[in-house]
Structure formats: structure tokens, C-alpha cells
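The values are calculated or read from the model by the stated rules, or taken from the named source; none is laboratory data. Nothing here was measured: the structure is a model prediction, and the numbers come from that model. So basically every Cβ, Gly included, is an ideal-geometry build from the backbone, and we count neighbours across all protein chains shown. Just so you know, the surface numbers come from the protein's heavy atoms only, side chains and all, with ligands and any DNA or RNA stripped out. Shrake-Rupley method; radii C 1.70, N 1.55, O 1.52, S 1.80 Å.
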Amino acid sequence: MKKNRIFLWLGIVVNALAMILLTFYFMSLPWLAGDEKLLIWSTSAIKFANREIPNSEEFALINTSYDLQLIDRLDDFGFPVGQRVITDREKLTIVLDAIAKAENPPKYIICDIHFLDSTAYDVGLDTTLQKFDNLIISYHLNDFGEIETPIFREVNRGLSDYVIGSVFDGVYKYQLLHHDSLKLTPLKVFEGLSGVQSQSFGPFVQIGDRWTPNNFIMNYRLLQKDIENIEAGFNPVNMGELLYLAEQDIQNFVAGKIVVIGDFFENDMHETLFEITAGPLILLNAILNIQSGDTYVNSWFFLLLFLSYCYFSYMVFVEGDYMESRITKYFGAVKLANYLAGFMSYLILLTILSCITFFIFNIHLNVFFLAITFYLMDKLVGFTYAKMKP
């Protein structure tokens, strides 16, 4: 009897550790169940209502939505087949050239523009871009997951795709490294601002001496409505409007700030947890997440998961559960509720656990998939016990 109890508790501990590993695997998946979205939205809304709004004086947003130029669209053989619209690189060159002359330069420049096609202004723009040692441009992956290298090859660049979360219907999750090697723009910007280095270890990223999951639910501090509200102070200035200012005024506008250049209103919009949001603003929120340590984990986080999963594993290996019996008692007349009582008990407990991890550690759990896993294990163990009975 004593030997059986030892094996029981050994199985509980092993299962709890395995479920912790599975938890981070589920976090790396690019989708969320519908119920999880509701849970994440409701808890995030509570935290967002009490958010710490960043100081608008620390940022300068430059909008390129209305400063465009037409270039030839080429086929696979290099022949023009029409025209396409890109950001006006002549205007961008003038603005950046003025900033490059500043005695008090920006803290960092994030140029979230896709430099894939060549224009007549590229030589001058390339020269200007290389004047900065605190600037980053965006690059993207094509439909086959291959890198689309910008034409400015000597300029610092970061991956600005929303690789995690954009597979289905919106940007709900974000990741810091793609395929354990390609650093996304927010992570590279943070490295440049802080002077620390980061590296991937499985589902985690070590940033300096701290650890964070590679994939996480974004904790938004700025929404699209914030940059559209004049009183909030985050209003992007159109790039063309800057050209009406003297160079000194342009330099004063960006002095000592994190400058974000990109399309804030038209062609780079994505569905997020709260609303349709511009791509450059998503990048900025990701940077704020890293700076604030929103998703850094420590030993207390793992201890909480371990103890909780030990209890859930006890529910799996030992017949009978208080919550399941309560659900069966009150909804036993409903056959489906009676049948799914075990699943609902795991789902309710995991929902409570996810709320705790979110409000303490800013980390959401994939409660639906975890509940299914525990429930299936419960049924399998019950079936095994039934077969073992004489």
C-alpha cells in the first residue's frame, strides 16, 4: 500500500512537470480558443483601465500614411506591368538628413517602412541612414517564410512581422525571436536602448539576467484612439508637414526621444485585443512591454504552476473531485453538463489560475487547451482503473 502511494505521488510530480512544459508549448501556438479571448479581453480590460500611460514627451511619432510616391511594378522578368505605391523616400531623406545634423539627437529611431523596391532616391537615403548608429529599419518574411532583405543592406534591421497571432484573425500574441534566431524589432530596439543582450533558450528568452516567455499576450499601454486624441499628446505628425518647418524645429521635435516613423492610419492596420491598431503602434507597445518587464518570470511563477498542476494531477490520478461533484449535483439533469462536469471543473480552476498569473506576472495561460489535456488524461486514467479492477 505504501509503495502504491509512492508511485502515485511520483506520477503526480512527473505529470505536473510535464504539464508545465506543455503550458509553454501551448503559449507558443499562434491561435487562441474563443473562450480564451473573452477571458484575456476581460482581464486585460481591468488592467488597462488602471494602466500607467507613458510620458508622451519621450516619443515622437511621424506618420507616412499620406506621403507616398508611385513606382513601377515589375514582373518576374523585370518588365514594368503597372505601378505601386510606396513611402515617399525623397521626403524621408530630407527629414532624416535634418535629424542627422542635430546636436541633441533622438534616443532611437524606428523606421517601420518596407524598403524592398528601388527608387531614384535610394543612394541619398542610404547615405543618410548610415549616419545613425541608433536607427533600425523593418524587414519582413514572404508567404514562404523567407526573408525579404531590404535594399539597404548595411543598415541595422529587425523583423517587424507579427509572426505569432496573425495566423488567424488578429494580433493577439507577440513573439520576440522567430525560429530562435531572428530577433523582432522591439527586442533589438530594447537591446540598443539598454545595452543588454538577449538569447533564446527553448520557449524562453534571456534578456540580460532576466527571463521572459518568447511568446506572450501583449499588455497594451497605448491604443489607436490614444494617438488620435489630440489631448493625449501622442498625435503623429505627418512627414510632409515636417518639411514646412525649419531644420532646427524638426530637431527640437525629436531631440532625446524615441522616434517611430511609419504608417499610423491607413495601410498597416491590424486587429488586436481591443481595437484595430497601426503596426508601428504595436511595435511601440511591444517595446514598452519589454521595458516594463511585463512578462518576466521568476521562481515564484514556476512554483505557483507546479503546486497548481500537482493538485490538478491529483484530480487526474485519484478518483473523485469536489468541484466535479458540485457541477454534477446542480446540473445532473442535463446530460451534456453531467458528461462534461470533469472538463468544466478543470476549465474553471485553470481560469482562476490564469487570472492569478496574469494579475501577478502578466502572463495568460491557454486554459482551454490545458483543460482539454487534463480532462483527456482524467478519462484515460479512469478507463485504465476500470480495466484493472477484477
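Observations
- Counted as qualifying within the stretch 58-147 are the strands (runs of 3 or more DSSP E) with 2 or more residues that are among the hydrophobic types (A, V, I, L, M, F, W, C), under 27 Å from the mean Cα position of the chain (by Cα) and modelled with pLDDT of 90 or more, namely 59-63, 108-114, 135-141.
- In the stretch 172-186, the residue that is nearest to Glu271 (Cα to Cα) out of those that are of a type in the set (A, V, I, L, M, F, W, C) and at pLDDT below 90 is Leu176.
- Tabulated pairs, the stretch 301-315, first within 12 Å of Phe374 (Cβ to Cβ), second among the polar types (S, T, N, Q), C-beta under 7 angstrom, 6+ apart or interchain: Ser313/Asn15
- In summary, Asn50 fulfils each of the numbered conditions (1) open to solvent by 60 Å² or more (accessible area, probe 1.4 Å); (2) out of contact with any strand residue (DSSP E or B) (no Cβ under 7 Å at 6 or more places or on another chain); (3) at pLDDT below 75 with the single exception of condition (3).
- Residues of the stretch 169-220 satisfying the condition of being charged (D, E, K, R) and under 12 Å from the mean Cα position of the chain (by Cα): Lys173
- When we screen Leu303, Leu283 for residues that are under 30 Å from Asp180 (Cβ atoms), open to solvent by 10 Å² or more (accessible area, probe 1.4 Å) and at pLDDT 85 or above, the only hit is Leu303.
- Taking each residue of the stretch 364-382 that is more than 27 Å from Tyr296 (Cα to Cα) and looking for partners that are open to solvent by less than 20 Å² (accessible area, probe 1.4 Å) and hydroxyl-bearing (Ser, Thr, Tyr) with beta-carbon atoms closer than 7 Å, six or more apart or interchain, yields Tyr375/Tyr346.
- Ile151 falls short on exactly one of the conditions (1) open to solvent by less than 20 Å² (accessible area, probe 1.4 Å); (2) of a type in the set (Val, Ile, Thr); (3) touching an Asp or Glu at 6+ places or on another chain (Cβ under 8 Å), and that condition is (1).
- Any hit, the stretch 114-124, residues being surrounded by 21 or more Cβ atoms within 10 Å (Cβ to Cβ) and either out of contact with any Cys (no Cβ under 8 Å at 6 or more places or on another chain) or over 25 Å from Asn289 (Cβ atoms) (or both): yes
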